[in-house]
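S.K.: Can you read through this structure? Questions will come right after.
The values are calculated or read from the model by the stated rules, or taken from the named source; none is laboratory data. Computed from a predicted model, the values in this text were never measured in an experiment. Cβ placement follows ideal geometry from the backbone for every residue including glycine, while neighbour counts extend to all protein chains displayed. The area values use the complete protein model at the heavy-atom level, side chains included, leaving out ligands, DNA and RNA. Shrake-Rupley method; radii C 1.70, N 1.55, O 1.52, S 1.80 Å.
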Amino acid sequence: MSVLPIVMWPDVRLQTECAAVEAIGPEIEQLVGDMFETMYTAPGRGLAAPQVGVMRRLFVMDTTWKDGDMNPLVCINPSIVPLSDAQNTNEEACLSIVGVSADVSRPNKIELSYTGLNGTRETEVLEGFAAVCAQHEMDHLNGIVIFDQLDAPERAALEAKYKEMI
Ligand code: NI
């Protein structure tokens, strides 16, 4: 496994919708291994394929490893259904937008469906930070980042702050 370079905003690949993963084989297995290595090294709790320059619908996450409890999750061709009208606002950071964070509102309970590396389709209900993380990573597959979740003045201010740092 190797650590891959992370694509940084405003790279156009972070603003582009990804295509479905068509077949799960050695190439995808290798990619997933490298993405976990990259995510844990960064260190982060979620990483989407376009963040390493692969324009496919795939992300990895592990929302508990920083607490000493490793739960790696591979989500291939994921889909999300909100299960709650209630929105939670959380401060979100992104490995592709280092140095700034944004308050983003999202449904606090979701149903996440995905295909795992074994090819089986799975569905689970997520709440709290896991729901936030899955929605953030799913956004990446649709070319959406935290800036896109802000209103125009907030976005302008945060982008200006980011551009000063890079
Ligand atoms: Ni991100």
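S.K.: Where the second residue is open to solvent by less than 20 Å² (accessible area, probe 1.4 Å) and in a loop (DSSP other than H, G, I, E, B) and the first is β-branched (Val, Ile, Thr) and lies in region 24-45, which pairs have Cβ atoms under 9 Å and are six or more apart or on separate chains?
M.R.: The qualifying pairs are 24/116; 28/21; 38/44.
S.K.: I'm checking my understanding of the structure. Among residues of region 89-102 that are within 22 Å of residue 43 (Cβ to Cβ) and in a strand (DSSP E or B), which one is nearest to the chain's Cα centre (by Cα)?
M.R.: The extreme case among them is 92.
S.K.: Kindly check whether there is at least one residue in region 137-147 that is at pLDDT 95 or above and open to solvent by 70 Å² or more (accessible area, probe 1.4 Å).
M.R.: Quick first cut of region 137-147, residues at pLDDT 95 or above only: 137-147.
Still in the running and open to solvent by 70 Å² or more (accessible area, probe 1.4 Å): none.
Looking through region 137-147, none of the residues is at pLDDT 95 or above and open to solvent by 70 Å² or more (accessible area, probe 1.4 Å).
S.K.: Next up: Could you tell me how many of the residues in region 32-49 are more than 10 Å from the chain's Cα centre (by Cα), within 21 Å of residue 119 (Cα to Cα) and either within 13 Å of the ligand (Cβ to nearest atom) or open to solvent by 20 Å² or more (accessible area, probe 1.4 Å) (or both)?
M.R.: Total satisfying the criteria: 2.
S.K.: Further question: Looking at region 18-85, what strands (runs of 3 or more DSSP E) fall wholly within it and have at least 1 residues that are within 20 Å of residue 109 (Cα to Cα) and out of contact with any Gly (no Cβ under 9 Å at 6 or more places or on another chain)? Break it down into steps so the answer makes sense when it comes.
M.R.: Numbers: elements: 46-48, 58-61, 73-82.
Result: 46-48, 73-82.
S.K.: Moving on to the next point. If residue 52 satisfies all but one of (1) away from the ligand (no atom under 15 Å from the Cβ); (2) under 15 Å from residue 141 (Cβ atoms); (3) among the β-branched types (Val, Ile, Thr), what's the number of the condition it fails?
M.R.: All conditions pass for residue 52, except number (1).
S.K.: Evaluate region 61-80: report whether one residue or more is surrounded by 14 or more Cβ atoms within 10 Å (Cβ to Cβ), within 23 Å of residue 119 (Cα to Cα) and within 12 Å of the ligand (Cβ to nearest atom).
M.R.: Within region 61-80, one or more residues are surrounded by 14 or more Cβ atoms within 10 Å (Cβ to Cβ), within 23 Å of residue 119 (Cα to Cα) and within 12 Å of the ligand (Cβ to nearest atom).
S.K.: Let me ask something else about it. Which one of the conditions (1) hydroxyl-bearing (Ser, Thr, Tyr); (2) within 18 Å of residue 57 (Cβ to Cβ); (3) out of contact with any Phe, Trp or Tyr (no Cβ under 9 Å at 6 or more places or on another chain); (4) surrounded by fewer than 17 Cβ atoms within 10 Å (Cβ to Cβ) does residue 123 fail to meet, given that it meets all the rest?
M.R.: (3)
S.K.: Mind telling me which of the residues 99, 143, 68 ends up being without any contact (Cβ under 8 Å) to a residue 40 or more places away in the chain and at positive phi?
M.R.: Numbers: 99 fails: without any contact (Cβ under 8 Å) to a residue 40 or more places away in the chain; 143 fails: without any contact (Cβ under 8 Å) to a residue 40 or more places away in the chain.
Exactly one residue qualifies, and that residue is 68.
S.K.: Still on this model: Of all residues being within 17 Å of residue 144 (Cβ to Cβ) and of a type in the set (Ser, Thr, Tyr) in region 95-117, which is least open to solvent (accessible area, probe 1.4 Å)? Just the residue, please. Break it down into steps so the answer makes sense when it comes.
M.R.: Taking region 95-117 first, the residues within 17 Å of residue 144 (Cβ to Cβ) are 95-97, 100-107, 110, 112.
Checking which are of a type in the set (Ser, Thr, Tyr) leaves us with 96, 101, 105.
On the way: 96: 1, 101: 43, 105: 58 Å².
Filtering region 95-117 for residues that are within 17 Å of residue 144 (Cβ to Cβ) and of a type in the set (Ser, Thr, Tyr), the one least open to solvent (accessible area, probe 1.4 Å) comes out as 96.
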